[in-house]
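Here's the structure, in structure tokens; my notes come after.
The values are calculated or read from the model by the stated rules, or taken from the named source; none is laboratory data. Predicted model only: the values in this text are computed from it and were never measured. Backbone-built Cβ (ideal geometry, glycine too); neighbour counts: all protein chains shown. Accessible surface areas use protein heavy atoms only, side chains included; no ligands, DNA or RNA. Shrake-Rupley method; radii C 1.70, N 1.55, O 1.52, S 1.80 Å.
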Amino acid sequence: MKRRNFLALVGTSLVAAPVWSNVYNSNIPENKAIDSVFPDLPFAFDALEPNIDSKTMEIHYTKHHKAYYTNFMAAIKETPGANLDMKTLFAGISKQPMAVRNNGGGYYNHKLFWENLSAKKTEPSAELKAAIEKSFTSMEKFKEEFSTIAKKHFGSGWAWLVAGADGKLFVSETLNQDNPLMDVVEKKGTPLLTLDVWEHAYYLKYQNRRPEYVDNFWNVVNWDTVNKRFQNR
Ligand code: MN3
């Protein structure tokens, strides 16, 4: 936990907040950062300009993501789900109220999304590249398939690169704030990379030009994060 978050936690006796004590035995290392305080954005609002503009980033993080987090905490506190780690919660999400599914997904998906974005130039590891080539024949083919799903997804949702239980990688799309960890989705697995294709993610800059937003996404993918997820899947 970051010192600032720790102090915030100490300073405000969050006794009603979920106890995440048994969290983070998950095989997704990024889960470790999720805690009883809203997580920091890992970069400045303007860091991804011009691919993702500063105003969109600011509203997306401080309004949309924050609201999902706040509503998720409100929906899950004092329920049995409050003591589960996110992976277990999502694996049984069909038994949870819609508010937990929508806001828990919204909270978690955005956190993953920020973590797989960076202004720094990064590259897929040799191991990830080999796995992508095995599953999609080439890196270009993978990007094409992922982009097509992201461009064509109807309505609000997310595009994903996922590691399946059989070890194969695949691309998928989910509706609203669902994700591949949820028992309600058809194609389940461990998320490696995600892209938010809700209009709020791009409309201020790109308006109806979602394909341009998707193409520019590749300029700001944080492959270091994707490599790490793949390694720890
Ligand atoms: Mn969003």
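Quick notes on this structure:
- Within segment 197-232, being within 14 Å of the ligand (Cβ to nearest atom) and among the hydrophobic types (A, V, I, L, M, F, W, C) holds for Val197, Trp198, Ala201, Leu204, Phe217.
- Segment 55-81: number of residues that are open to solvent by 20 Å² or more (accessible area, probe 1.4 Å), more than 16 Å from the ligand (Cβ to nearest atom) and of a type in the set (Gly, Ala, Ser): 2
- Just one residue in the set Ala130, Ala150 is within 14 Å of the ligand (Cβ to nearest atom), open to solvent by less than 70 Å² (accessible area, probe 1.4 Å) and out of contact with any Gly (no Cβ under 7 Å at 6 or more places or on another chain); that residue is Ala150.
- Test: residue in segment 33-44 that is modelled with pLDDT of 95 or more, within 18 Å of Leu117 (Cα to Cα), out of contact with any Gly (no Cβ under 6 Å at 6 or more places or on another chain) and β-branched (Val, Ile, Thr): no
- For Lys95, the stated conditions do not hold, so it cannot be described as within 19 Å of Phe230 (Cα to Cα), away from the ligand (no atom under 14 Å from the Cβ) and among the charged types (D, E, K, R).
- Out of Pro180, Pro191, one residue alone is surrounded by 22 or more Cβ atoms within 10 Å (Cβ to Cβ), more than 14 Å from the ligand (Cβ to nearest atom) and free of Cβ contacts under 8 Å to residues at least 60 places away in the same chain. It is Pro180.
- Boolean, Phe90 is farther than 17 Å from Phe217 by Cβ, open to solvent by less than 50 Å² (accessible area, probe 1.4 Å) and within 16 Å of the ligand (Cβ to nearest atom): no
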